[in-house]
Amino acid sequence: MLNQLRPFASQTAKPITKKLAQKNITPDQLSITSLIAAILSAIAYIFGNLIIAGTLVLINSILDLLDGELARTLGKTGRQGDFTDHIIDRYADIFILAGITLSPYAPTYLGILAITAVLMTSYLGTQSQAVGIGRVYAGLLGRANRLLLIISTTYLTAIYPHKIMGYTLIGWLLILFIILGTITIIQRTNQIKTRLR
């Protein structure tokens with residue numbers, strides 16, 4: 001869904017990436033910093049500091065956008081960079097969701113199911129490349145949507161940490177991830193099978 005806004009985001013990021021390029025900052029440096037932000041957000045979730053956690057996830061999201069744009073600005077796009085970016089993104093996803101799972105605001109079993117759903121959607125997106133049909137972004141639970149939901153729900157839970165029908169807002173977010181993730185897995189699987197025919 002938010003992938004449709006990529007062209008706008010790219011245009012917005014260009015002035016920033018040009019300045020970063022002038023300061024000899026590399027895409028890899030941004031990627032590593034984004035991963036550090038994800039790790040620190042996990043720690044913040046575990047200790048129940050939602051404002052810091054949400055802000056660190058926001059920083060991770062911004063840097064994740066900028067590293068790809070900086071690579072394009074520097075003319076350093078390629079399969080190796082794409083491969084490295086995917087690895088860092090998956091680690092970031094795991095750390096963020098693991099932090100949420102181990103936080104005081106979510107049941108562990110929901111977190112495990114949500115992590116499974118998220119990793120499977122990402123796996124199918126890249127597995128389509130492995131079978132030669134290009135990356136598949138279809139579905140309701142793309143990474144941009146997911147990060148936006150995590151950030152907004154984290155801040156909302158900081159404002160209203162109480163349970164609604166047995167779960168906090170973050171708990172309900174994990175349930176949403178499980179549902180949307182399952183739907184996205186079905187959507188991507190069907191799209192890949194259709195392209196392979």
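Below are the figures for this structure:
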quantity: Filter result for Asp82 (surrounded by fewer than 17 Cβ atoms within 10 Å (Cβ to Cβ), modelled with pLDDT under 95 and either in contact with a Pro (Cβ under 7 Å, 6 or more places away or on another chain) or of a type in the set (Asp, Glu) (or both)); calculated: yes
quantity: Qualifying residue in region 29-43 (condition: at pLDDT below 95, touching a Gly at 6+ places or on another chain (Cβ under 9 Å) and surrounded by fewer than 16 Cβ atoms within 10 Å (Cβ to Cβ)); calculated: no
quantity: Criterion violated by Thr77 - all others in (1) surrounded by 21 or more Cβ atoms within 10 Å (Cβ to Cβ); (2) outside any helix (DSSP H, G or I) satisfied; calculated: (1)
quantity: Test result for Thr84, over 15 Å from Leu141 (Cα atoms), β-branched (Val, Ile, Thr) and in a loop (DSSP other than H, G, I, E, B); calculated: no
quantity: Search result, residues across region 87-109 that are of a type in the set (Ser, Thr, Tyr) and either more than 20 Å from Gly48 (Cβ to Cβ) or modelled with pLDDT under 95 (or both); calculated: Tyr91
quantity: Failed criterion for Ala13 (all others in (1) modelled with pLDDT of 85 or more; (2) farther than 19 Å from Gly125 by Cβ; (3) not acidic (Asp, Glu) hold); calculated: (1)
quantity: Residue in region 179-186 that is closer than 20 Å to Phe83 by Cα, among the small types (Gly, Ala, Ser) and crowded, with 18+ Cβ neighbours inside 10 Å present; calculated: no
quantity: Number of the condition not met by Leu66 [criteria: (1) free of Cβ contacts under 8 Å to residues at least 24 places away in the same chain; (2) in contact with a helix residue (DSSP H, G or I) (Cβ under 6 Å, 6 or more places away or on another chain); (3) assigned to a helix (DSSP H, G or I)]; calculated: (1)
quantity: Residues that are under 20 Å from Asn49 (Cβ atoms) and either surrounded by fewer than 17 Cβ atoms within 10 Å (Cβ to Cβ) or in contact with a strand residue (DSSP E or B) (Cβ under 8 Å, 6 or more places away or on another chain) (or both), drawn from region 138-154; calculated: Leu149, Ser152
quantity: Ala71, sole failed condition from (1) surrounded by fewer than 21 Cβ atoms within 10 Å (Cβ to Cβ); (2) at pLDDT below 95; (3) in contact with a Ser or Thr (Cβ under 9 Å, 6 or more places away or on another chain); calculated: (1)
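Every residue, every condition in (1) at pLDDT 95 or above; (2) surrounded by 14 or more Cβ atoms within 10 Å (Cβ to Cβ); (3) under 13 Å from the mean Cα position of the chain (by Cα), yes or no:
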{"position": "Gly111", "(1), (2), (3)": "yes, yes, no"}
{"position": "Thr121", "(1), (2), (3)": "no, yes, yes"}
{"position": "Ala130", "(1), (2), (3)": "no, no, no"}
{"position": "Val136", "(1), (2), (3)": "no, yes, no"}
{"position": "Leu156", "(1), (2), (3)": "yes, yes, no"}
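The values are calculated or read from the model by the stated rules, or taken from the named source; none is laboratory data. Source: prediction; values computed, not measured. As a convention, Cβ positions derive from the backbone with ideal geometry for all residues, glycine included, and neighbour counts pool all protein chains shown.
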